[in-house]
1. Hey, can you tell me all the residues within region 140-156 that are at positive phi and part of a strand (DSSP E or B)?
2. Consider A137 carefully, then state whether it is surrounded by 16 or more Cβ atoms within 10 Å (Cβ to Cβ), out of contact with any helix residue (DSSP H, G or I) (no Cβ under 7 Å at 6 or more places or on another chain) and not in a strand (DSSP E or B).
3. Would you confirm whether or not region 108-123 contains a residue that is in contact (Cβ under 8 Å) with a residue 60 or more places away in the chain, surrounded by 17 or more Cβ atoms within 10 Å (Cβ to Cβ) and either assigned to a helix (DSSP H, G or I) or touching a Gly at 6+ places or on another chain (Cβ under 9 Å) (or both)?
4. Based on what the data block shows, is N66 surrounded by fewer than 18 Cβ atoms within 10 Å (Cβ to Cβ) and either among the acidic types (D, E) or more than 30 Å from A188 (Cα to Cα) (or both)?
5. Do any residues in region 152-173 that are farther than 15 Å from Q231 by Cα have Cβ atoms under 8 Å from those of residues that are assigned to a helix (DSSP H, G or I) and modelled with pLDDT of 90 or more, where the two are at least six apart or on different chains, and which pairs are they?
6. Select, from G111, G91, the only residue that is at positive phi and in the same structural domain as V65 (by TED's automatic domain parsing).
7. If you go through region 129-152 one residue at a time, how many are β-branched (V, I, T) and farther than 15 Å from A82 by Cβ?
8. Go through region 157-172 and give me each residue that's part of a strand (DSSP E or B) and within 30 Å of V239 (Cα to Cα).
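The values are calculated or read from the model by the stated rules, or taken from the named source; none is laboratory data. Because the structure is predicted, anything quoted here is derived from the model rather than measured. We place every Cβ from the backbone using ideal geometry, glycine too, and count neighbours over all the protein chains shown.
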Amino acid sequence: MTKGLLTTLVAGTLAAAILAVRPAHANTTLQQNNQPFRRTVTVIGVGRATASPDIARVTLGVDIVNPRLSAALTEANRKMAAIMTALEKAGVEKKDIQTAEFNVFPQQSYGPSGPGPITGYRVINTVRVTVRDLDNAGAVLDAAINAGANTIQGLVFTIENVKAIEADARKGAMADAKAKAEALAGEAGAKVGRVLTISEIVSSGGPLPVIAAAPAAEGLGGGVSITPGTQDVTVQVQVSYEIE
């Protein structure tokens, strides 16, 4: 085979390959350009569900100041032991009592020239308590106070298993979203089609508990009254629908 003939055959083969590829590339571009325009409507749906809390959580314990560290620790330990015993007698299980904080701080006087010598020590020892019998919550706090607790904070009421409440709120949110989408589409002379995308936000909250100490003849042990109120769970969904 001559060199000229070989060159002609190679050139012809390349041209055929190019012709074979070009129609496929053009066809792909044509298919992409012919994709139908998708009309959508995007709305925010809101659903709410309300339920009564079934547990309470509170942090309580002792805050002791003494000129001597050993005396401060001894008093804190003695009072915390009494508080733990009182909590268990009031119906709180050991598994529902967890150490929240234990800190020792030196106490110093301050003057114009800066901090002075150490004048004492502050010991803070608190536990986080879960109360499962809300009718007994006031009695639990009262028992802790009578046993020596002098710091109580962060009392909250909540629903331990909130999944069922969330499910109700979620159904309401989706129904709200669809109703809004149908209203908007109807104004535009269209109909709502399939769901394309969904995103969700869940939040919960409720009124702060009302706490009151009844008058006592001595100390704070006159009885604690608590009103748990109700808790709201809110679900927001952002939904995009195809419209026809």
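1. First pass over region 140-156, keeping only residues at positive phi: 148, 154.
Matches in region 140-156: G154 only.
2. Working: surrounded by 16 or more Cβ atoms within 10 Å (Cβ to Cβ): yes; out of contact with any helix residue (DSSP H, G or I) (no Cβ under 7 Å at 6 or more places or on another chain): yes; not in a strand (DSSP E or B): yes.
So A137 passes the test.
3. The initial filter retains those residues of region 108-123 that are in contact (Cβ under 8 Å) with a residue 60 or more places away in the chain, namely 123.
Next, only the ones that are surrounded by 17 or more Cβ atoms within 10 Å (Cβ to Cβ) stay: 123.
If we keep only those that are either assigned to a helix (DSSP H, G or I) or touching a Gly at 6+ places or on another chain (Cβ under 9 Å) (or both) as well, we get none.
Within region 108-123 (the criterion being in contact (Cβ under 8 Å) with a residue 60 or more places away in the chain, surrounded by 17 or more Cβ atoms within 10 Å (Cβ to Cβ) and either assigned to a helix (DSSP H, G or I) or touching a Gly at 6+ places or on another chain (Cβ under 9 Å) (or both)), the answer is no, since none of the residues qualifies.
4. Values: surrounded by fewer than 18 Cβ atoms within 10 Å (Cβ to Cβ): yes; either among the acidic types (D, E) or more than 30 Å from A188 (Cα to Cα) (or both): yes.
So N66 passes the test.
5. Short answer, once both residue conditions are applied: I152/L141; I152/A144; I152/I145.
6. Numbers: G111 fails: at positive phi.
Result of the check over G111, G91: G91.
7. So in region 129-152, the residues β-branched (V, I, T) come out as 129-131, 140, 145, 151-152.
Checking the rest, the ones that are also farther than 15 Å from A82 by Cβ come to 130-131, 152.
Going through region 129-152 one residue at a time, the tally reaches 3.
8. Matches in region 157-172: T158 only.
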